[in-house]
1. About its Cα centre, what dipole magnitude does the chain give when the only charges are +1 on Lys and Arg Cβ and -1 on Asp and Glu Cβ, stated in debye to the nearest 20?
2. Give me the net charge for the shell around Lys155: Cβ to Cβ below 13 angstrom, other residues only, Lys and Arg +1, Asp and Glu -1.
3. Run the simple label-point estimate for Gln39 and Tyr2 please: 7 Å along Cα→C-beta, distance reported in nm.
4. So if R0 is 22 Å, what FRET efficiency would Gln66 and Ser150 give, r being the distance between their Cβ atoms, rounded to the nearest 0.05?
5. Mind giving me the nanometre distance, one decimal, between the label points for Leu12 and Lys174, set 7 Å out from Cα along Cα→Cβ?
6. Excluding Ile6 itself, what net charge comes from residues whose Cβ is under 13 Å from its Cβ, given Lys and Arg +1 and Asp and Glu -1?
7. Exposure proxy check: Lys155, Lys175 ranked by fewest other beta carbons within 10 Å?
8. Length gain on complete extension for the stretch Leu167 to Phe132, per 0.36 nm per residue less the alpha carbon to alpha carbon distance?
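Read-outs throughout are calculated quantities, based only on the coordinates presented, and are distinct from any laboratory measurement. Computed from a predicted structure; not experimentally measured. Don't worry about glycine lacking a Cβ; one is built from the backbone with ideal geometry, like all the others, and counts go over all protein chains shown.
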Amino acid sequence: MYKKIIDFLFQLLAVKQYLIFTGMFFVLNALVMVILDAQLRPPSCPDMISLELVFTKSGLNQIINQCGEDGIRSHLIMLWVDYLFIFSYIGFLSNLLGSLLRGIDHDRALTLFSIPIIAGVLDIIENTLFLFQLQNTESLSAVLIFVASSAALVKFILIAITIVLILYYLFNQKKKGIPEA
């Protein structure tokens, strides 16, 4: 079932003609995230990455205390907006990587193509767990906070791997004289 879903997404997204659309969608979403965060988050409140990588209940309590009600509200809004951002960055990274993988062994291409998609799934898990925690600050769960932060850390690692793969396959195409995807 998993392989069928990844293959379906590969056939759907690994098309170089979509790169401008997915790239623009990603850039616009990133701009919205930056502007919205600057307008909503109080200066004393740590940013989203600090929240995502908090790992402990005491660390999250510290962020909650630093942020206050307005900061918590801003993080809640940003977490909801981040769901759209997840689809934009995963769409773009998957589209770009998938386009570059078109010429290699199909099974290997699907394995590599799944990396940014797994990152997106982890991001959704992370956001959902932090939404639950920030909406119920009186009953924080150390386990859920650790799981959410672990998902965030693995997500960042998978995104970094995706970027390295994109650079690798871009470089190899240029080196071999193959036209860019």
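1. Working: 12 positive and 13 negative charges, 155 e Å.
Dipole about the Cα centre, nearest 20: 740 debye.
2. Working: positive: none; negative: Glu52, Asp82, Asp123, Glu126.
It works out to a net charge of -4.
3. Placing both labels 7 Å along Cα→Cβ, they lie 4.1 nm apart.
4. Numbers: r = 22 Å, r/R0 = 1.02.
That pair, Gln66 with Ser150, gives E of 0.45.
5. That separation, rounded to one decimal, is 3.2 nm.
6. Numbers: positive: Lys3, Lys4, Arg108; negative: Asp7, Asp107.
Every neighbour counted, the sum reads +1.
7. On the way: Lys155 22, Lys175 8.
Least crowded to most crowded, the residues run Lys175, Lys155.
8. Details: separation 35, 0.36 × 35 = 12.60 nm, distance 3.67 nm.
Taking Leu167 through Phe132 to full extension adds about 8.9 nm, to one decimal.
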